[in-house]
């Protein structure tokens, strides 16, 4: 039964000075792994040249090369092969030192049948693949931790890392600006958890009272459980909101006083104004005798007209005060356009006539608004 390969067609470098042994190993590989490809090197320099020219999935190495120390050979090939797994063809106590240097396995030269050889090759490739995955994941985790540390350090809010005893393990510049440089290592206590925001007030750097929005979450820091506390200073923002509220209340109070003043003044003016208008209308009607002098008659018309005009202005002031108080009811209705324009024309007609301006208008009686 053949051992299933990790790679369908592995490319293997065989470093073996003995040509007979090399031929035996290649036959075993071809029998146990028909798709494998083999390159034979009989010395250190030919092996180094093959590694420089090709990419291999595995190296089978007999370190007993003439003119070289066996351990030195292993070290040199490991250095050049980098991530390529190496299986050393040797046995004895030196195997432990080779594994310590970084080889994946040692295989006794007597155990070179197809099944044993291909099984050792497959295990070495699997271990190397697993080591590469672990190294990749470790590097990714290291990068994530570094990114987290950089994010915390560069954050504009105060960021504090507390250990499980409530001592400060790390504080960014924003936190040091709030508390002072002696913060790291000090005991702040265990914060409340939950992830929800809460307002906290404390005495900060220089005895300054600080109001902050605090949020706490569990995290890992340097491989240990920890609390990550963020502090966003809100004292200035809350003071601005309070000032805006006070200014709004002051503006509302001033508006209320203005409306009340307009209402009182309007009512005070309406009473004598109604009397003036009423007296002028009585005189025009000739209740106590007809006005025969045309000059006096014109005076009475001006008195009555000006009084009506002033009354309309006062009524508008009352409407403005009701609008400010929200007491004016708006109703939709349909009116002839002439009914809306006539009072306006009456108001401006006298002034235009006095200025010598001829004025006239015409409205279709069927136009409704």
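Taken together, the values in this text are just the output of simple stated rules run on the coordinates, not laboratory data. In this text the structure is predicted, and so the values were computed from the model without any measurement. Reconstructed Cβ throughout: ideal geometry from the backbone, glycine too, with neighbour counts over all protein chains shown.
Sort 134-144, 225-235, 178-188 for me by packing, meaning the mean count of neighbouring Cβ atoms within 10 Å per residue, highest on top.
Per-residue mean Cβ counts within 10 Å order the peptides as 225-235, 178-188, 134-144.
Over the alpha-carbon set of the chain, divide Rg by the Kirkwood Rh and report the Rg/Rh ratio to two decimals.
1.56
Averaging over every viewing direction, what projected area does the convex hull of the Cα atoms of segment 169-299 cover, in nm²?
Approximately 16.7 nm², given one-decimal rounding.
If you line up the long axis of helix 114-154 against the longest principal axis of the chain, both from Cα atoms, how many degrees apart are they, to the nearest 10?
Taking Cα atoms only, the helix is inclined about 30 degrees.
Taking Cα atoms of segment 85-233, Rg/Rh with Kirkwood Rh, to two decimals?
Using Cα coordinates only, the ratio equals 1.34.
What is the calculated FRET efficiency for residue 246 to residue 291, with r their C-beta to C-beta distance and R₀ = 51 Å, to the nearest 0.05?
For residue 246 and residue 291, the calculated efficiency is 0.25.
Where the centre of each part is set by its Cα atoms, how far does segment 75-147 sit from segment 247-293, in angstrom?
Their Cα centres are 106 Å away from one another.
Taking the DSSP beta bridges in the chain as the whole, what percent of them are antiparallel, to the nearest 5?
65 percent
Could you give the length gained by full extension between residue 349 and residue 11, i.e. 0.36 nm per residue of separation minus their alpha carbon distance, to one decimal place?
Full extension of this stretch gives 110.8 nm more.
For a distance above 24 Å, tell me the whole-number percent of Cα pairs in segment 11-120 that qualify.
Pairs farther apart than 24 Å: 14 percent.
Once you put a point 7 Å from the Cα of residue 187 and another 7 Å from the Cα of residue 217, both along the Cβ direction, what distance in nm separates them?
Taking the simple label geometry, residue 187 and residue 217 are separated by 2.9 nm.
Quick check: from the Cα gyration tensor, does segment 156-233 come out rounded (a/c under 1.5), prolate or oblate?
oblate
Between residue 173 and residue 101, take the C-beta separation as r, use R0 = 35 Å, and let me know the FRET efficiency to the nearest 0.05.
It comes to 0.15.
How large is the helix-only mean residue ellipticity at 222 nm for the chain, computed as the sum of -39500 (n - 2.57) over DSSP H runs with n ≥ 4, divided by its residue count, in deg cm²/dmol to the nearest 500?
Theoretical 222 nm ellipticity from helices: -18000 deg cm²/dmol.
Using a Förster radius of 41 Å, what is the FRET efficiency between residue 301 and residue 334 based on their Cβ-Cβ separation? Nearest 0.05, please.
0.75
How much length is gained if the chain between residue 361 and residue 263 is pulled fully straight, taking 0.36 nm per residue apart and subtracting their Cα-Cα distance, in nm to one decimal?
Value of the extension gain: 31.7 nm.
Would you please put 113-120, 339-346 in order of how densely packed they are, using the mean number of other Cβ atoms within 10 angstrom per residue and starting with the highest?
Top of the packing list down: 113-120, 339-346.
Calculate how steeply helix 337-354 sits against the longest principal axis of the alpha-carbon atoms of the chain, using the helix alpha-carbon long axis, and give the answer as 0 to 90 degrees to the nearest 10.
The two axes meet at around 60 degrees.
Stretched out fully, how many nm does the piece from residue 275 to residue 141 gain, at 0.36 nm a residue minus the Cα gap?
Value of the extension gain: 39.0 nm.
Rounded to whole Å and ordered largest first, report the semi-axes of the equivalent ellipsoid of segment 238-329 derived from its Cα gyration tensor (root of 5λ).
That gives 45, 10, 9 Å for the three semi-axes.
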